[in-house]
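Worksheet: the structure to be examined is printed underneath.
Read-outs throughout are calculated quantities, based only on the coordinates presented, and are distinct from any laboratory measurement. Small disclaimer: the values here were computed from a predicted structure and weren't measured. All Cβ positions, glycine included, derive from the backbone under ideal geometry; neighbour counts span all protein chains shown.
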Amino acid sequence: MTAILTNLRNAVIAGFVLAIVLVVLYATVWGGSFDDNYWRFLVRWTHVIAGIMWIGHLYYFNFTQIPTMPKIPDELKPAIGKFIAPEALFWFRWGAMVTMAAGLILAMMNGYFVEAMTLGLARPATEGQICIGIGMWLGLIMWFNVWFIIWPNQQKALNIADKHPNLDKDAKAKHARTAMLFSRTNTVLSVPMLFAMVAAQGLFNIS
Ligand code: HEM
């Protein structure tokens, strides 16, 4: 047991093995079949796990790292900037990418991609489709912020992979502030985004 828990890769594998037990239950005791609905569910599950990876890191930055940074003694700060933040940013941005891709695929599999993305303006849409469309647009804005504003600014602020070695302290602080403001913006948007995502099923029974 400790061999599993002390190794992250083994722990993640253990989680998936337990999920496979549920798949076996589904296919046997519960009499489920591997039809279109099952594959759609699998993409939805991937979407939510990746979403947790993304928003989990967003909340870590906003609720833990940023507020604690001023309290950390100067000589210890590099541990965060050089080691923890780059690693967190890796899972953060790739979590965002997988969430976005799975989310768009889901909307296509559900057959309401155009209705949702155009918020019912191009084709008549149900309230649930407009609701998920609002969530999808908020999620896409957040994804854009991650990849095209937060990540490039953090690369400069932290000189990740030594790609920006010549920036002075002021320039780095400016990039760190831009990254922080957009990260905060995403924290704000995450609340209505998740409302719309979950309400589409919960309040409107969209699919
Ligand atoms: C670019 C960003 C995103 C897009 C395009 C997107 C798209 C979608 C779509 C189309 C659905 C409907 C799935 C269905 O009912 O079959 C959905 C549901 C959902 N999404 Fe997202 N999403 C995005 C971001 C996120 C994020 C960041 C999270 C955070 C965890 C998230 C969590 C959820 C949840 C919990 C559901 C509800 C699943 C259910 O009710 O079964 N989404 N999303």
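Taking the chain as the reference, fit the longest principal axis to its C-alpha atoms, fit the long axis of helix 36-59 to the helix C-alpha atoms, and give the angle between the two in degrees, 0 to 90, nearest 10. Value to nearest ten degrees: 20. Relative to the first principal axis of the alpha-carbon coordinates of the chain, what is the inclination of helix 169-202, with its axis defined by its Cα atoms, in degrees from 0 to 90 and to the nearest 10? Helix 169-202 and the main axis of the chain meet at about 20 degrees. Normalised by the number of residues in the chain, the mean separation of alpha-carbon contacts (under 8 Å, six or more apart) gives a relative contact order of 20 percent. Counting neighbouring Cβ atoms within 10 Å and putting the fewest first, the residues 33, 183 line up as 33, 183. Assign one of three labels to the chain, namely rounded, prolate or oblate, based on the Cα gyration tensor with a ≥ b ≥ c the square roots of its eigenvalues; rounded applies when a/c is under 1.5, prolate when it is not and a/b is larger than b/c, and oblate otherwise. Here the chain falls in the oblate category.
Between helix 8-27 and the chain there is an angle of about 10 degrees, using the helix long axis and the longest principal axis of the Cα atoms. Average 1/r across all pairs of distinct alpha carbons in the stretch 87-207, invert it, and you get the Kirkwood radius: 15.7 Å. Residue by residue, the stretch 100-112 carries 3J(HN,Hα) couplings of 4, 4, 5, x, 5, 4, 4, 4, 5, 4, 6, x, 10 Hz when phi is fed to the Karplus relation 6.51 cos²θ - 1.76 cosθ + 1.60 (θ = phi - 60°); x denotes Gly or Pro.
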